Number of protein chains: 2
Amino acid sequence: MIVVLTGGTGGAKFVDGLRQVVPPEELTIIVNTGDDLIWWGLYVSPDIDSITYVLAGLLSKERGWGVKGDTFYCLQAMGQLGQPNWFHVGDHDLAIHLTRTQLLAEKKTLCEATREICGKLGVQARILPMSDSRVETRVLTPVGELSFEEYFVQRWYQDPVQSVRFAGAEDSKPAPGVIEAIRTADLVLLAPSNPITSIGPILAVPGIREALLASRAPVGAVSPIVGGTAVSGPAGILMASQGLPVSIAGIAKAYHDFLDVLVVDDRDAETATQLRRSGFRVHCTRTIMRNAESKVALARAVLSVMSAEKSSRTASETP
Amino acid sequence: MIVVLTGGTGGAKFVDGLRQVVPPEELTIIVNTGDDLIWWGLYVSPDIDSITYVLAGLLSKERGWGVKGDTFYCLQAMGQLGQPNWFHVGDHDLAIHLTRTQLLAEKKTLCEATREICGKLGVQARILPMSDSRVETRVLTPVGELSFEEYFVQRWYQDPVQSVRFAGAEDSKPAPGVIEAIRTADLVLLAPSNPITSIGPILAVPGIREALLASRAPVGAVSPIVGGTAVSGPAGILMASQGLPVSIAGIAKAYHDFLDVLVVDDRDAETATQLRRSGFRVHCTRTIMRNAESKVALARAVLSVMSAEKSSRTASETP
């Protein structure tokens, strides 16, 4: 069983590669829900949606979010009604939000709602929200504290970030199955997701970081930082705001306590060499996922290095 | 001030004619809400929607309901998710349901939500739901008791109707402004709507029938029955189920206690003559609204006969 921690568009791309080289029943995806928002009265879970769409083969590859070929007529009409329209919900996309909102109104958990929706869409891999409780990523900026989607989508991550917190995290619990999945995994992978606001919220749920520390499986991460900048989105800005170097060293630092293998881009070979001196196993490969082939190639490369890590552990355990 | 009681597609067509010959600020439309339903977790008010779309110039004239040129991508996606999809909600249409549902969740009344939506869509005429309380038209059939939309849309009004009731009516109150509008109207018109399930629920709200009886304004109705059958929909079946003749005489009987003028189709001239003998003022004209011209012509004819009724009253009051 391969367990992946993910959030954001980089994570969705990585999962898109993995699903093509790993049987779905061997994949458990633990997903960030810190970006979840109530939009038009509906419960929207952007990262769960992206992973659901990826695994259902529905994700728009052009946009990296939402449903391929989706239309935006309801959004347009909402704008005409004076409703907020900065968060782009497609007409097809709306169906998942309406369905989830109804399931939650029927007192199902986010975990149960996710499972039910996945079932309807024929998704065979297991998608687990990090928690059934509400954990909200809040970004403090000079204009005030913003939700992640306000910061990221509405305001185009233009505001200087003073701090980031995960409201509700202390009182949250991992969703059923999360700890067990990590405990019994053969491999744990952190997708090339923003370490602050995609992986950060997951690690803020009490018990998850501890489970990673305790895991017998090797834990690998793919760096979302290439050549000193984020491949996409505000990862760099957010890392800097948290005092992390915007580099693969920053990623290594964010995960230092539980990480076994860091997969970085060939362009970071030099920094990789330095990192290795500090005791990290660092593997260089092409990490930019521009098309289907590069996604599959990255997935294969990551599985291969993780397998090597596993073998070397087994070898060292052999008397 | 002209007050119109309406429901259904015939009513929407009639209002479409009226709005072209009467300034919007002189129109108050009191609308049936007995068909309202919770659909995909959203509060849908089919008759309020139709009247709103008519007055905003948005109604699909081909379908007689919903928004012209609307698309149905969300509906399609809901079907793929295994959600019910027999009630056809368009993508544009969804916006009004989402907006209303949010306003109601904010504890606004249906009346306030309607006003707010009308304001956004530039509707200047006043639309009043018959009541802010939930009154549900329930149709008893051999397969069980159905909501109106289940009976009408889901099951194509194929089930024999044993009885009709308006659940919640006894405890309901007219929406704010309804009684005052009837009391101070210059004319009251009943649209060519189904007398059982479009006008019936309105009359079942305590105080509305009494207000019509007490009104000093002449009350006119346009018959939805032409030549012994309903122009559209289940009006005939439902009238028969309630022991009313399926004819203009049945319409006269349904409204006998407060009606002053009945406008019927030329094809019913013979029955009209008989009706007049029993003391009713009956006016014959073309009532079938096939296009914009016939809608306007009917509106003009109705206003003209109502004006004659008003003058004759004034004359008879003159010493």
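The values are calculated or read from the model by the stated rules, or taken from the named source; none is laboratory data. Values in this document were obtained by computation on a predicted structure and should not be read as measured data. Heads up, the Cβs are rebuilt from the backbone with ideal geometry, glycines too, and the neighbour counts pull from every protein chain shown.
The set of residues in the range A:85-96 that are among the small types (Gly, Ala, Ser) and either part of a helix (DSSP H, G or I) or more than 10 Å from chain B (Cβ to nearest Cβ) (or both) contains only A:Ala95.
Residue-level check: of (1) of a type in the set (Gly, Ala, Ser); (2) assigned to a helix (DSSP H, G or I); (3) over 21 Å from B:Gly41 (Cβ atoms); (4) within 14 Å of chain B (Cβ to nearest Cβ), A:Gly10 misses just (4). Within the range A:245-263, being over 19 Å from the mean Cα position of the chain (by Cα) and within 17 Å of A:Val222 (Cβ to Cβ) holds for one residue alone: A:Ala249. Hey, does the range B:273-280 have a residue that's at positive phi and either at pLDDT 95 or above or not hydroxyl-bearing (Ser, Thr, Tyr) (or both)? Scanning the range B:273-280, I find at least one residue that is at positive phi and either at pLDDT 95 or above or not hydroxyl-bearing (Ser, Thr, Tyr) (or both), so the answer is yes.
Condition check ((1) more than 9 Å from the chain's Cα centre (by Cα); (2) surrounded by fewer than 22 Cβ atoms within 10 Å (Cβ to Cβ); (3) within 24 Å of B:Asn85 (Cα to Cα)) across all residues:
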position	(1), (2), (3)
B:Leu5	no, no, no
B:Lys13	yes, no, no
B:Leu18	yes, no, no
B:Glu26	yes, yes, no
B:Gly34	yes, no, yes
B:Leu42	yes, no, yes
B:Asp47	no, no, yes
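Kindly check whether there is at least one residue in the range B:15-25 that is touching a helix residue (DSSP H, G or I) at 6+ places or on another chain (Cβ under 8 Å), modelled with pLDDT of 95 or more, assigned to a helix (DSSP H, G or I) and closer than 17 Å to B:Ile199 by Cα. Yes, the conditions are met somewhere in the range B:15-25. The set of residues in the range B:200-227 being assigned to a loop (DSSP other than H, G, I, E, B) and either basic (Lys, Arg) or within 15 Å of B:Leu262 (Cα to Cα) (or both) consists of B:Arg216, B:Ala217, B:Pro218, B:Ser223, B:Pro224, B:Gly227.
Looking across the range B:272-291, not a single residue is within 19 Å of the chain's Cα centre (by Cα) and assigned to a helix (DSSP H, G or I).
Within the range A:218-237, does at least one residue satisfy the condition of being more than 27 Å from A:Glu62 (Cβ to Cβ) and in contact (Cβ under 8 Å) with a residue 60 or more places away in the chain? Checked the range A:218-237: at least one residue is more than 27 Å from A:Glu62 (Cβ to Cβ) and in contact (Cβ under 8 Å) with a residue 60 or more places away in the chain. Being more than 29 Å from B:Thr71 (Cα to Cα), in a strand (DSSP E or B), in contact (Cβ under 8 Å) with a residue 40 or more places away in the chain and in contact with a helix residue (DSSP H, G or I) (Cβ under 7 Å, 6 or more places away or on another chain), is that true of even one residue in the range A:51-62? No, the conditions are met nowhere in the range A:51-62. Please pick out the residue among B:Gly69, B:Gly144, B:Gly82, B:Gly122 that is more than 14 Å from chain A (Cβ to nearest Cβ), at positive phi and surrounded by fewer than 16 Cβ atoms within 10 Å (Cβ to Cβ). Sole residue among the options that is more than 14 Å from chain A (Cβ to nearest Cβ), at positive phi and surrounded by fewer than 16 Cβ atoms within 10 Å (Cβ to Cβ): B:Gly144. Consider the range A:107-131 and keep the residues that are in a loop (DSSP other than H, G, I, E, B) and in contact with a strand residue (DSSP E or B) (Cβ under 9 Å, 6 or more places away or on another chain). The one that is farthest from A:Leu59 (Cα to Cα) is A:Thr109. Report yes if some residue within the range B:97-106 is crowded, with 17+ Cβ neighbours inside 10 Å, outside any helix (DSSP H, G or I) and either more than 10 Å from chain A (Cβ to nearest Cβ) or in contact (Cβ under 8 Å) with a residue 12 or more places away in the chain (or both); otherwise report no. No - not one qualifying residue is present in the range B:97-106. Being farther than 30 Å from A:His88 by Cα and either of a type outside the set (Phe, Trp, Tyr) or outside any loop (DSSP other than H, G, I, E, B) (or both): is that true of B:Glu145 here? Yes. Scanning the range B:33-72 for residues that are aromatic (Phe, Trp, Tyr) and either under 17 Å from B:Val4 (Cβ atoms) or modelled with pLDDT under 95 (or both) turns up B:Tyr53, B:Trp65. No other residue among A:Asp35, A:Asp47 is away from chain B (no Cβ under 13 Å), more than 24 Å from A:Ala185 (Cβ to Cβ) and touching a residue at least 60 places away in the same chain (Cβ under 8 Å) apart from A:Asp35.
Residue by residue, here is whether (1) in contact with an Asp or Glu (Cβ under 7 Å, 6 or more places away or on another chain); (2) among the aromatic types (Phe, Trp, Tyr); (3) at pLDDT 95 or above; (4) under 25 Å from B:Thr197 (Cα atoms) holds:
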residue	(1), (2), (3), (4)
B:Gly236	no, no, no, yes
B:Leu259	no, no, yes, yes
B:Val282	no, no, yes, yes
B:Thr314	no, no, no, no
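Residues that are more than 14 Å from chain A (Cβ to nearest Cβ) and among the β-branched types (Val, Ile, Thr) within the range B:50-66 comprise B:Ile51, B:Val54, listed in sequence order. Checking each residue in the range B:230-268 for being acidic (Asp, Glu) and either touching a strand residue (DSSP E or B) at 6+ places or on another chain (Cβ under 7 Å) or in a helix (DSSP H, G or I) (or both) picks out B:Asp260, B:Asp265, B:Asp266, B:Asp268.
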